[in-house]
Amino acid sequence: MPTEKYRGRLQFDDALEASGFGKYNYSLLGTCCVLILTMFVDIFGFSVLLPSISCDLALTNNQQGLLSALPLIGTMISSYVWGLCADTLGRRKTILLTMPIGSCISLLTSLAPNFIALCILRFFSASFLSSANTAAFVLMGESVPSHHRSQFMFLMACSTMIGQLSTCLPALGIFRLSFHIKVPWLHMVYRPWRLLLQILCLPGFVMIIAMIFFEESPKFLLSKGRDEEALEVLKKIFKRNTGSDTALYKVTSVYLEQSEMTNSTEKSIMKKVWNQTAPLFKPPLLKNSLKLYFILLCAYMTSTGFTMWIPTVTNAYFGNDSPTTGKTFCEIASSAARRTLYKNGSSLIIEDCDNIIKPNTLYAVMVYSGLCGALNLLLTFLVGPIGKKTTTLIIFIITISCGVFLLFVRIPMLSILLFFIFPYVALILGNINTYLVELTPTYLRGMATCLSILVARGFGFISVQVIASLLADYCVPLIISYVLLGLSGLIAAFFLPADVRKPVTQEEACKKYTVSSESIERNKY
């Protein structure tokens, strides 16, 4: 669309459209994706290393469960704080303040000498890194034109799906190494899993530096009454997208609808928290908030709970000599959960800890994570023509069906495939984040996103503990319960707002963005 069509005083979405679509949007997308991936590697990628860490530190099953769940608690507790920061300080500033701290703590995790130190560092690294999920999604959603927003949200959601793949790729090479270097002054033995943790921290540091070169969300600036700053940001985005001089950006001023503005001048922290939270659970936002958060609850109790068990269960299929043919998933998974792999305090297994994770297990986990990312990428292109609501319903139906068949199938490879697809209900994340951005006023979006993390991680933590407690002895009723939970989410998804799509001719599209001289003069006042 020619830039001459965008002139004078425009509503924000039209002004953002006038800034073009190109290099700035794609580079911001890449940066945000890696920052979010850094967080998910810290949370879910750790499950790939857990067998080796458990062997090295001689952890019990309960300690392994706690170590897996602590990052979920950290993200759950801290997300409220980062939501408030994103809505008051800014999306970009929140990332620049918190992500460096989280990455440094994550690096220190690789030097933890014992279980207690590892737990503490894991808790705080996840707490600070979770700011990416709160702020980056909103920053991206407010910096890309509306007709590309759903696709970009799905692409960002792809990075949440490949945390284990990103861990397994370097793990394949590093776990082939066998070394144990004693470091007396740190009271630890330096092993391959510690080197892997350090390597996984590097992309996060690079992307934190990259974020310095991007702009704050122009919509956030507008919602705070900083109109001139917002206009300057839009001009910079225009220049980086088109390569043209900012003088060619014909928009003279930008405005938001009154419903998008915040009227709060409250300085009390508690009052700010209340003012940023209460409107989400009052009409007219209440109905949509309850639906979206309940759907997230259903999806992430299933996804998070079983994703943590992917390496362990997969290792049960590939990593032992017991036959799996003719057995159902529950028979194999229950046996794996009962098996005692490590003896507390044993010194007999120390030399074997480097080889505890079988290569076939890593390959299988890579397939699980890579396929999840590929499906999410596919949905990026389907969500436009099919619609957010329809794709959400399809995801629920497919994953619920896999959960049902999982109870009966006795073919090992098919059983693994069904087990992999069952947690793919998390593919709805892109849609739900798009709904949150579109249905929530600008000044509440950071808090709305942080509450979605609170729900997802909080109930994910509960799910991890439930599965750890019941998988060994009550696998069948456990799977049935999660199938029913998914069915509840499917029913709730039927009540999501319908996608509004109607064909628009080129002439109508141009007319929509043509601002007459009369309307320009009227909007000045």
Let me have the 222 nm mean residue ellipticity of the chain computed from DSSP H runs of 4+ only, each contributing -39500 (n - 2.57), with the sum over all residues rounded to the nearest 500.
-22000 deg cm²/dmol
In region 443-481, the chymotrypsin sites (Phe, Trp or Tyr not before Pro) that sit in a DSSP loop and have at most 16 other Cβ atoms within 10 Å of their own Cβ are 474
Accessible area per residue, Å², region 1-255 with all protein chains present, probe 1.4 Å
35
extent check for the chain: Cα max minus min per principal axis, descending, whole Å, gives 83, 53, 43
Set Lys and Arg Cβ to +1 and Asp and Glu Cβ to -1, take the dipole of the chain about its Cα centre, and tell me which of 106, 181, 143 lies farthest positive.
143
Dividing the mean separation of Cα pairs under 8 Å (6+ apart) by the residue count of region 1-255 yields a relative contact order in percent of 36
Mind ranking 189-198, 135-144, 449-458 by how tightly packed they are, going by the mean number of other C-beta atoms within 10 angstrom, highest first?
135-144, 449-458, 189-198
So, relative contact order of region 39-167 in percent, Cα under 8 Å, 6 or more apart, is 38
Could you calculate the contour length gain from residue 338 to residue 117, that is, 0.36 nm times the residue separation minus the distance between their Cα atoms, to one decimal place in nm?
76.8 nm
Just the number, please: carbon plus sulfur as a percent of the accessible area of the chain, 1.4 Å probe, no ligands or DNA/RNA counted.
65
Which value, in debye to the nearest 20, describes the size of the charge dipole of the chain about its Cα centre when Lys and Arg Cβ atoms bear +1, Asp and Glu Cβ atoms bear -1, and nothing else is charged?
260
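The values are calculated or read from the model by the stated rules, or taken from the named source; none is laboratory data. All values derive from a computational prediction rather than experimental measurement. Quick reminder, even Gly has a Cβ in these numbers, built from the backbone with ideal geometry, and neighbours come from all protein chains shown. The accessibility values were calculated without ligands, DNA or RNA, using every heavy atom of the protein model including side chains. Shrake-Rupley method; radii C 1.70, N 1.55, O 1.52, S 1.80 Å.
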